[in-house]
1. Which of the following residues is within 19 Å of the chain's Cα centre (by Cα), farther than 23 Å from residue B:44 by Cβ and either away from chain B (no Cβ under 13 Å) or not in a loop (DSSP other than H, G, I, E, B) (or both): A:151, A:137, A:145?
2. Pick from B:79, B:97, B:14, B:106: which is more than 27 Å from residue A:149 (Cβ to Cβ) and at pLDDT 95 or above?
3. Can we say residue B:60 is within 14 Å of chain A (Cβ to nearest Cβ), surrounded by 15 or more Cβ atoms within 10 Å (Cβ to Cβ) and either touching a residue at least 24 places away in the same chain (Cβ under 8 Å) or over 17 Å from residue B:112 (Cα atoms) (or both)?
4. Restricting to the stretch A:73-105, name every residue that is free of Cβ contacts under 8 Å to residues at least 60 places away in the same chain, more than 12 Å from the chain's Cα centre (by Cα) and in a helix (DSSP H, G or I).
5. Against the definition (part of a helix (DSSP H, G or I), farther than 30 Å from residue A:31 by Cβ and out of contact with any helix residue (DSSP H, G or I) (no Cβ under 8 Å at 6 or more places or on another chain)), how does residue A:121 come out, yes or no?
6. Test residue B:88 against the stated conditions and say whether it is more than 10 Å from chain A (Cβ to nearest Cβ), modelled with pLDDT under 95 and more than 23 Å from residue A:81 (Cα to Cα).
């Protein structure tokens, strides 16, 4: 579903992909919105787990660059075609689906919290200036990452994502206290 | 879909051409934020990840070029905010306008997605403050007299 996009996926696509019957699907999911939410929960859990492993102990700019390298390399394998699973869901979820929107918003808050944790450790060790706003920088970095994924997906080329995150990290580095 | 891409491009090409200093850049940014936070505006529609991909790729390419040209102009004229008073501390010459334009476009794109799911313009504004910081076009930078849109 996240390959094709929420809006372009019909229940029949899901049936064809999963090999289950419509009655089985409806037995588990109360229509498409419930299915979308289940996909969000599943994808969200995976992404947050990956990011917690990748960012949980990072406390240097070099560590942030390694995090960036791994995301860019992963995305380059498919010429950026799949983008970020969570970001794709976020840009497609319909306005009327309040629960899905809320679930995505919580997941992004959690992910951004991990980035803010890294920035706070940079601040504690004196690398990042004490007056820098950690929440604003974490949001800026997340938007650069997500926007970069979307540009790469549209261009079918990972370069804009790499450039966008590099520029964001360079800006954070330029705010270093030293 | 096609019409919203054309409309965004026409409007951006007109409004970015007018930008000759940091204050006007801040005005441009305020206008774009307003458009992106309006659910059915052509801007919001154009950036949704659905519809015709080659059309959107074309819009994004040309929008990035327009932003890069604007940044080049600002850098050349030395008209970016703090370059006037702190040239010793921040050598503007080291900024790559092409790459900075990619970050600004990504901030618009990613920031508006974060703002839409949060139902709050804060993430988009934070993302743009971040991306535009070298050009001093932060939200509270513009004197009130310029708010005449």
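1. Going through A:151, A:137, A:145 in turn, just one is within 19 Å of the chain's Cα centre (by Cα), farther than 23 Å from residue B:44 by Cβ and either away from chain B (no Cβ under 13 Å) or not in a loop (DSSP other than H, G, I, E, B) (or both): A:137.
2. B:14
3. Judged against the criteria, residue B:60 is a match.
4. If the condition is that a residue be free of Cβ contacts under 8 Å to residues at least 60 places away in the same chain, more than 12 Å from the chain's Cα centre (by Cα) and in a helix (DSSP H, G or I), then A:73, A:74, A:98, A:101, A:102 are the ones that fit.
5. Yes, satisfied.
6. Taking the combined requirement at face value, the residue satisfies it.
The values are calculated or read from the model by the stated rules, or taken from the named source; none is laboratory data. Note that the structure is a prediction, hence the values are computed from the model and not measured. In this analysis, Cβ positions are derived from the backbone assuming ideal geometry, glycine residues included, and neighbour counts consider all displayed protein chains.
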